[in-house]
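The values are calculated or read from the model by the stated rules, or taken from the named source; none is laboratory data. Being a predicted model, the structure only gives us computed values, none of them experimental. Neighbour counts run over all protein chains shown; Cβ positions are idealised from the backbone, glycine included. Protein only, heavy atoms only, side chains kept; ligands, DNA and RNA dropped before computing areas. Shrake-Rupley method; radii C 1.70, N 1.55, O 1.52, S 1.80 Å.
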Amino acid sequence: GRMPASPVNVPYLPPQAASFLAPYIDLAQRLGSFFVQWRGELRDTVELVYDGELCEHDTQVLTSAFLAGLLAPAYSEPVNIVNVHRLASERGLVISEVRRGHARQLGNLITARYPEADSDQNISGTLIQNQPHLVALDSQRLDCVLQGNMLVDLHHDRPGIVGRMGLILGERDINISFVQMSRVHRGGPSIMILGLDDPADEAIMEQVVQVPIVQRARMVTLTPLP
């Protein structure tokens with residue numbers, strides 16, 4: 001689970017750089033896993049954008065970590081930073097990196113997107129108090145720790161959506177640990193993330209997508225933090 005001191009098949013990182021990048025490697029992998037579970041598909045092209053001090057280091061290992069999270073559901077074999085570029089090449093996946101370098105409000109930021117998608121399909125994350133945080137999804141601003149079970153939905157902004165979800169989950173004795181919501185404008189498209197103590201099964205998800213204002217819903221599961 002850690003970067004080797006003297007790798008022969010992944011980019012070498014000096015000890016100081018390895019120490020700095022280690023939590024961002026974990027962040028990148030979690031972003032990739034969240035993104036593919038939310039989007040439910042792989043596309044032919046993915047672009048990684050780096051901001052802040054990250055650009056002073058070799059970001060190839062971060063891109064590899066993101067791709068490992070992105071591609072893992074498509075393979076029965078383990079996907080990691082060593083074999084991921086071979087697997088991506090076999091799929092014909094085109095990968096590009098952009099390093100902007102300038103400091104943003106959130107400092108060191110990792111953003112990934114499907115550049116050829118018809119609509120905004122992107123995800124951004126950073127470290128806050130040394131924890132991996134999602135800070136934007138499909139160009140909507142959010143903030144939650146990337147861990148555990150999360151029910152994510154896209155819906156029309158209308159009153160009562162939180163209550164409807166709480167009722168559906170409460171009937172199955174699933175507790176909500178946090179709620180995060182974002183919207184483009186009042187009455188417009190809104191993304192909601194519900195942190196759950198237990199994952200929602202297919203029967204629950206069928207109830208969720210039957211709520212009239214819900215356009216899409218996915219269950220996203222990430223490794224819990226220590």
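For the structure I just gave you, tell me whether MET165 is within 22 Å of GLY32 (Cβ to Cβ) and open to solvent by less than 40 Å² (accessible area, probe 1.4 Å). Spelling it out, it is not the case that MET165 is within 22 Å of GLY32 (Cβ to Cβ) and open to solvent by less than 40 Å² (accessible area, probe 1.4 Å). Counting only strands (runs of 3 or more DSSP E) that sit completely within the range 27-114, those holding 2 or more residues that are in contact with a Phe, Trp or Tyr (Cβ under 9 Å, 6 or more places away or on another chain) and open to solvent by less than 10 Å² (accessible area, probe 1.4 Å) correspond to 45-51, 109-113.
Among residues of the range 203-221 that are closer than 23 Å to GLY188 by Cα and β-branched (Val, Ile, Thr), those with a beta-carbon under 7 Å from a residue that is assigned to a loop (DSSP other than H, G, I, E, B) and open to solvent by 50 Å² or more (accessible area, probe 1.4 Å) at least six positions away or on a different chain give the pairs ILE213/ARG158. Somewhere in the range 132-142, is a residue outside any strand (DSSP E or B), farther than 23 Å from ASP44 by Cβ and open to solvent by less than 20 Å² (accessible area, probe 1.4 Å)? No: zero hits.
Taking the criterion of being open to solvent by 60 Å² or more (accessible area, probe 1.4 Å), part of a strand (DSSP E or B) and over 30 Å from TYR24 (Cβ atoms), the only residue of the range 183-226 that qualifies is GLN215. Taking the criterion of being at pLDDT below 95 and surrounded by 14 or more Cβ atoms within 10 Å (Cβ to Cβ), no residue of the range 121-131 qualifies.
Pairs are defined by a Cβ separation below 6 Å, a sequence spacing of at least 6 or placement on different chains, a first member in the range 171-190 that is under 24 Å from ALA203 (Cβ atoms), and a second member that is open to solvent by less than 50 Å² (accessible area, probe 1.4 Å) and part of a helix (DSSP H, G or I); the pairs so defined are ARG172/ILE204.
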